[in-house]
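Quick notes on the structure that follows.
The values are calculated or read from the model by the stated rules, or taken from the named source; none is laboratory data. Source: prediction; values computed, not measured. Don't worry about glycine lacking a Cβ; one is built from the backbone with ideal geometry, like all the others, and counts go over all protein chains shown.
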There are 2 protein chains.
Amino acid sequence: MQKIELIHTPALLPYYNLQDKTVVVIDILRATSTMCVAFNTGVNKILPIASPEECKMFKDFDFIIAAERNAMKVPGFDMGNSPFEFENPFLAGKNIAFTTTNGTKAIKMAKAMQPYKILIGAFLNITALAKLIQDLNKDVVLVCSGWKDKYNLEDTLFGGALIDKLLPNFEMEDDASLSAHCLFLQYQDNIESLVRKSSHAQRFKLLNVQTDDVSFCLQQDLYSFVPEMEGEYIVNISSAQAC
Amino acid sequence: MQKIELIHTPALLPYYNLQDKTVVVIDILRATSTMCVAFNTGVNKILPIASPEECKMFKDFDFIIAAERNAMKVPGFDMGNSPFEFENPFLAGKNIAFTTTNGTKAIKMAKAMQPYKILIGAFLNITALAKLIQDLNKDVVLVCSGWKDKYNLEDTLFGGALIDKLLPNFEMEDDASLSAHCLFLQYQDNIESLVRKSSHAQRFKLLNVQTDDVSFCLQQDLYSFVPEMEGEYIVNISSAQAC
């Protein structure tokens, strides 16, 4: 039976082996949720980038440039990291160079560890994601992006939700998976109430973020496609379609 | 109000600041549980050491030498890491040089980060520990020893149990604390059933460990003292007394 492992933060990646495994990168608030929105809008491809400085250079190569640090849009960029920004129909057919505090870092680190595939996970596409993982039939590693190398609640809770969809065809290999699944079972009927208590939801409140990004990102199965890495880019191999 | 943070594994210590904080090192299965047993038996002091090679040298300086790797006693040492070994009355008044896979490593790493105090935490002394933390009245960081730099269930579950005793006089500062507390609330009446599912309990089963170390280490409040670091040693400042 194929196995599931869960990694709470990119800082722990060096202790794992990703070779020949399906890797799901998770940044619920907000990078991986926002990427799903972008592909639903019709974005062509997304280039994940480590630093804002490097990201800015891609403006010269006809990319839309998007950068977030500390939950805020970085000044001088076209866009930040709110899912609502990525609903703009102007983005259809465009390429985006994208850097965020946690999510794009996790993707870059996982990429360097030669996994079989890197999939982009969010509540917005959770059922399609679970189906694809089962079809691929490889051991799976769920990589939570966390917050600045520390644990966060919403990514782990999503990990637990995804594990719940993979059982009993997959088995949990480690305590981190077991614990994430326990957390999900406890809060499955109250996901938003728990996430509202998280550090990141509190951060949005302190920053007076006007859009309700938390509620938006916790919606399940708005989309039936799964973005994935192809070379250095994130693409949507299936044609993007809203459910 | 004083704050609580929880760190899942020593590998994440570099992302935290321990200065002027009370640090609790937690290795439920088994190093910190076993240290409590040792002081109840009347051990004089314990020297935590990083490697078996270094630990062995202390045999020449009239120490009892104890070493565990991968849940087994290391050949050539006086003792391993089972709490039952440390109940031997022969140990009264003795000094022990001690190295384990996770717990002594976590202690050594935390020590290098200049905390206010390092306390040794276990279910065996949880109520005394909670009282001491409150008396010290500093921000507190709970450092789980994990398993080879990865998350483990039993240390986090204990963190949640300790947090439950510290609330509402302390407040949870991070998602890791919040999540550990959720896990404890869910399993507080079934702690052993959850820990039996953990990787480490499974490891004991595979290794055919004969003593029931899991049940022993989950007993609450056998002791009313709290071992702590003093210089390079772990000592029991209060006189050891069984409840």
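Anything in segment B:1-27 that is within 15 Å of B:T156 (Cβ to Cβ) and more than 12 Å from chain A (Cβ to nearest Cβ)? List them, or say none.
Matches in segment B:1-27: B:I4, B:V24, B:V25, B:I26, B:D27.
Can you name every residue in segment B:165-222 that is more than 26 Å from B:Q2 (Cβ to Cβ) and charged (D, E, K, R)?
Within segment B:165-222, B:D189, B:E192, B:R196, B:K197, B:R203, B:K205, B:D212, B:D213 qualify.
How many residues does segment A:174-215 hold that are in contact (Cβ under 8 Å) with a residue 12 or more places away in the chain and either on the phi > 0 side of the Ramachandran plot or among the basic types (K, R) (or both)?
3
Restricting attention to segment A:135-145, does a residue exist that is more than 27 Å from B:Y151 (Cβ to Cβ) and either touching a residue at least 40 places away in the same chain (Cβ under 8 Å) or in contact with a helix residue (DSSP H, G or I) (Cβ under 6 Å, 6 or more places away or on another chain) (or both)?
no
Let me spell it out: the conditions are (1) farther than 17 Å from A:H200 by Cβ; (2) at pLDDT 95 or above; (3) not basic (K, R), and A:G146 meets all of them except one. Which number is the exception?
If we test A:G146 against (1) farther than 17 Å from A:H200 by Cβ; (2) at pLDDT 95 or above; (3) not basic (K, R), just (1) comes out false.
With respect to A:L142, is the statement that it is in contact with a Ser or Thr (Cβ under 8 Å, 6 or more places away or on another chain), among the hydrophobic types (A, V, I, L, M, F, W, C) and closer than 22 Å to A:A38 by Cβ true?
Judged against the criteria, A:L142 is a match.
crowded, with 24+ Cβ neighbours inside 10 Å, in contact (Cβ under 8 Å) with a residue 24 or more places away in the chain and not basic (K, R), is that true of A:S33?
In short, yes.
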